[in-house]
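As structure tokens, the structure follows; a few thoughts come after it.
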Amino acid sequence: MRKILLLLVFMMCGMMAMADSDQLAKYVPAGTNVIFYVNVDRLMGTQLLAEMRQDNSNLDYVIDGLQYKAEELKLGGNAVKNVLLCRDTGKAASSFYIMETIVPQDKFQDVFVADYAFFNSSIASNAVVDRKEVSFFEVTRKRSPGQKYGAYYITPSIVTIFPMDYLDQTIKAVRSNMPIRGEIANALESMNGNAVAGLLASLKKRDGISTWGPEFDGLIFVEITFDLTGANEEDIYLMARFYCEGTPMASGGVTAGSVSPSATFVKALREKRDMWLNATFGEGDSELKSEVASCINIRLGERRVDMEVKMPAAVYAKLRDLHPDIATECLSVMFDQFQLSEHMSSGSAPAGAAVEAPAEAANLFGN
């Protein structure tokens with residue numbers, strides 16, 4: 001009986017976690033073609049985050065500050081639980097955020113406007129949208145003081161943060177509660193809300209995202225999941241699915257007798273993997289190079305290419321000893337590729353100092 005109860009509790013926790021991410025996904029703005037999701041609740045307390053905090057005093061300072069405020073106000077948990085970072089690379093110059101939080105609206109400025117936190121100024125404001133008054137905060141981010149953002153509580157626990165130029169569109173979209181359509185919407189339905197992080201992006205040329213070069217022109221969509229697995233949840237797991245022309249997500253097909261985009265891409269991706277291994281370890285066939293190579297599996301599916309990385313914590317620890325900035329560099333490359341680089345910063349400040357340019361992982365939480 002005890003085992004059955006434990007199983008039921010486990011299943012309920014999983015269902016609740018998925019419900020949280022689904023709840024955020026309802027408010028993704030129309031036109032979005034890139035989404036980056038962070039399960040902050042799961043990330044907090046992991047060995048990976050502990051290493052990131054040790055390496056980056058900005059991030060350590062931000063988390064300490066938020067935890068201090070949450071304890072001071074007796075909020076009983078992480079101030080931020082989940083974040084969706086949304087981008088319309090074809091139109092919007094800045095990103096939208098949808099954030100699940102335990103910070104009530106009347107404590108927003110206490111927690112999120114401080115020298116360690118997301119914003120350095122906040123003004124309570126009102127506007128009339130469709131003849132209804134809307135209360136929101138007009139906020140300024142540290143990274144871009146000239147860019148004004150609005151922070152609007154959709155529900156008592158969900159805040160959307162948007163460029164002020166999009167105030168009307170944002171409020172109207174939230175009120176209509178109309179889901180976005182297309183590839184992003186299809187992928188969101190199957191997004192693993194229990195994972196530490198996930199990225200979804202359209203790669204169609206009209207979306208304005210580079211596809212790494214002419215050999216990758218057939219790519220139309222990418223779905224990347226990052227997670228921590230194993231007995232202690234310290235093993236690295238990454239699954240990247242690259243959808244090519246001819247998939248159900250694409251219109252049209254591949255001409256008979258031609259080389260499929262997926263076949264071209266799998267070859268190019270394997271070449272990039274080998275180039276990265278050689279650049280990291282040199283041309284020699286070292287033991288660690290072989291260990292890392294065995295963790296990376298690139299396979300050709302039906303008009304899709306999958307890259308699966310299963311790296312035990314012990315192997316990752318050795319890789320990190322050799323290349324301490326490996327995680328930050330990979331994240332930077334990904335953010336640059338998908339036009340999310342406004343959220344990256346390489347600066348570092350001494351602990352206890354005001355953060356003028358928050359570091360990359362801190363930016364995932366909203367800076």
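The values are calculated or read from the model by the stated rules, or taken from the named source; none is laboratory data. Everything numeric here is computed off the predicted structure, so don't read it as measured data. Virtual Cβ from ideal backbone geometry, glycine too; neighbours counted across all protein chains shown. Just the protein is used for accessible areas: all its heavy atoms, side chains included, with ligands, DNA and RNA removed. Shrake-Rupley method; radii C 1.70, N 1.55, O 1.52, S 1.80 Å.
When a/c is below 1.5 the answer is rounded, else prolate if a/b is larger than b/c, else oblate, so apply that to the range 158-314 with a ≥ b ≥ c taken from the square roots of the Cα gyration tensor eigenvalues. The shape class here is oblate.
Close amide H pairs (under 5 Å, H built 1.01 Å from N) link residue 154 with 159, 160, residues at least 5 positions away or on another chain.
Whole-Hz Karplus values for the range 224-236 come out as 10, 10, 10, 8, 10, 10, x, 4, 9, 6, 10, 6, 7 Hz, taken residue by residue from phi with 6.51 cos²θ - 1.76 cosθ + 1.60 and θ = phi - 60°; glycine and proline positions read x.
In terms of its C-alpha gyration tensor, the range 92-170 has an oblate overall shape, because the principal axis ratio a/c (a ≥ b ≥ c, square roots of the eigenvalues) is not below 1.5 and a/b does not outweigh b/c.
Counting Lys and Arg as +1 and Asp and Glu as -1, what is the net charge of the other residues whose Cβ lies under 14 Å from the Cβ of residue 174? Charge balance in the 14 Å sphere: +2.
Pairs with C-alpha atoms separated by more than 28 Å, drawn from the list 205/318; 267/310; 91/310; 69/318; 81/272, are 205/318; 91/310; 69/318; 81/272. Charged side chains reduced to their Cβ positions (Lys and Arg at +1, Asp and Glu at -1) give the range 88-166 a dipole of some 180 debye around its Cα centre. Computed over protein heavy atoms with a 1.4 Å probe, the accessible surface of the range 259-318 works out to 55 Å² per residue. Counting only protein chain heavy atoms and rolling a 1.4 Å probe, the accessible areas of 302, 245 rank, largest first, as 302, 245. Rounded if a/c is under 1.5, else prolate if a/b is larger than b/c, else oblate: which is the range 161-212, with a ≥ b ≥ c the root eigenvalues of its Cα gyration tensor? Oblate. The string of couplings for the range 55-69 from the Karplus curve (6.51, -1.76, 1.60, θ = phi - 60°) is 7, 10, 5, 4, 4, 4, 5, 4, 5, 4, x, 5, 5, 4, 5 Hz, one whole number per residue in order, with x for Gly and Pro.
Could you order peptides 106-117, 145-156 by the average number of other Cβ atoms within 10 Å of their residues, highest first?
106-117, 145-156
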